[in-house]
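**Student:** The structure is given below, and queries will be raised subsequently.
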Amino acid sequence: MTRSAEVDAYMATLDHHMTAQVEKLRTAILGADPRVNEAIKWNAPSFFIDDHFATFNLHYPDRVQIVLHAGAKVNPDAIQFEISDPAGLLKWASVDRASVTFGSAAEVDDRLASFLDILRQWIALTS
């Protein structure tokens, strides 16, 4: 697991009521695949192998959202991603962009395994 000093510094100043859950999710994402690295993108922690595939959206004060994407821009020629999501966590924004939202610490705890299953599928499709 490779933590970046840039993201460590960001996390040290993060003022969000779910900071502990952001850190828990960050650790889980970094541990999902040994190739995963992190940086700050769009003013939030973002994760990449060759290209960025997941970025936190921390603009909401009452929840934590992770945007799953295939790079910075929507690809209009992309084929619909096929992701097994029996827990119904994904909210699709386009064929190659979706988000997962956690509204509480309990949701992070209860849905972490399902999220990591989705994340590993996403990594396989995007790297």
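One line per residue, one yes/no per condition, for (1) farther than 21 Å from Ala106 by Cα; (2) buried (at least 19 other Cβ atoms within 10 Å of the Cβ); (3) in contact with a Pro (Cβ under 7 Å, 6 or more places away or on another chain):
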position	(1), (2), (3)
Glu38	yes, yes, yes
Pro45	yes, yes, no
His59	no, no, no
Val64	no, yes, no
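**Student:** Output the number of the condition that Ile83 fails; it satisfies all remaining conditions of (1) under 18 Å from Ala32 (Cα atoms); (2) among the hydrophobic types (A, V, I, L, M, F, W, C); (3) surrounded by fewer than 15 Cβ atoms within 10 Å (Cβ to Cβ).
**Tutor:** It is condition (3) that Ile83 fails.
**Student:** For residues that are aliphatic (A, V, I, L, M) and part of a helix (DSSP H, G or I), scanning just the stretch 15-32, find the one that is farthest from Phe48 (Cα to Cα). Don't jump to the end; show me each part of the working.
**Tutor:** Within the stretch 15-32, the subset aliphatic (A, V, I, L, M) is 18, 20, 22, 25, 28-30, 32.
If we keep only those that are part of a helix (DSSP H, G or I) as well, we get 20, 22, 25, 28-30.
Values: Ala20: 22, Val22: 17, Leu25: 15, Ala28: 14, Ile29: 10, Leu30: 10 Å.
For the stretch 15-32, the residue satisfying everything is Ala20.
**Student:** Output the residues belonging to the stretch 22-36 that are under 25 Å from Ser104 (Cβ atoms), surrounded by 14 or more Cβ atoms within 10 Å (Cβ to Cβ) and either free of Cβ contacts under 8 Å to residues at least 40 places away in the same chain or of a type in the set (Asp, Glu) (or both).
**Tutor:** Of everything in the stretch 22-36, those that are under 25 Å from Ser104 (Cβ atoms), surrounded by 14 or more Cβ atoms within 10 Å (Cβ to Cβ) and either free of Cβ contacts under 8 Å to residues at least 40 places away in the same chain or of a type in the set (Asp, Glu) (or both) turn out to be Arg26, Leu30.
**Student:** Does Glu38 count as modelled with pLDDT of 95 or more, part of a helix (DSSP H, G or I) and at negative phi? Working first, answer last.
**Tutor:** Working: modelled with pLDDT of 95 or more: yes; part of a helix (DSSP H, G or I): no; at negative phi: yes.
In short, no.
**Student:** Would you confirm, using the coordinates I've provided, whether Leu112 is buried (at least 18 other Cβ atoms within 10 Å of the Cβ) and either at pLDDT below 95 or in a helix (DSSP H, G or I) (or both)? First the steps, then the outcome.
**Tutor:** Values: buried (at least 18 other Cβ atoms within 10 Å of the Cβ): no; either at pLDDT below 95 or in a helix (DSSP H, G or I) (or both): yes.
The answer is no for Leu112.
**Student:** Take Met18 and decide whether it is touching a Lys or Arg at 6+ places or on another chain (Cβ under 8 Å) and either within 18 Å of Val100 (Cα to Cα) or at pLDDT below 95 (or both).
**Tutor:** yes
**Student:** Given the structure, is Arg120 under 13 Å from the mean Cα position of the chain (by Cα) and either at pLDDT below 95 or surrounded by 14 or more Cβ atoms within 10 Å (Cβ to Cβ) (or both)? Break it down into steps so the answer makes sense when it comes.
**Tutor:** Numbers: under 13 Å from the mean Cα position of the chain (by Cα): yes; either at pLDDT below 95 or surrounded by 14 or more Cβ atoms within 10 Å (Cβ to Cβ) (or both): no.
Answer is no for this residue.
The values are calculated or read from the model by the stated rules, or taken from the named source; none is laboratory data. None of these values were measured; they are calculated from a predicted model. All Cβ positions, glycine included, derive from the backbone under ideal geometry; neighbour counts span all protein chains shown.
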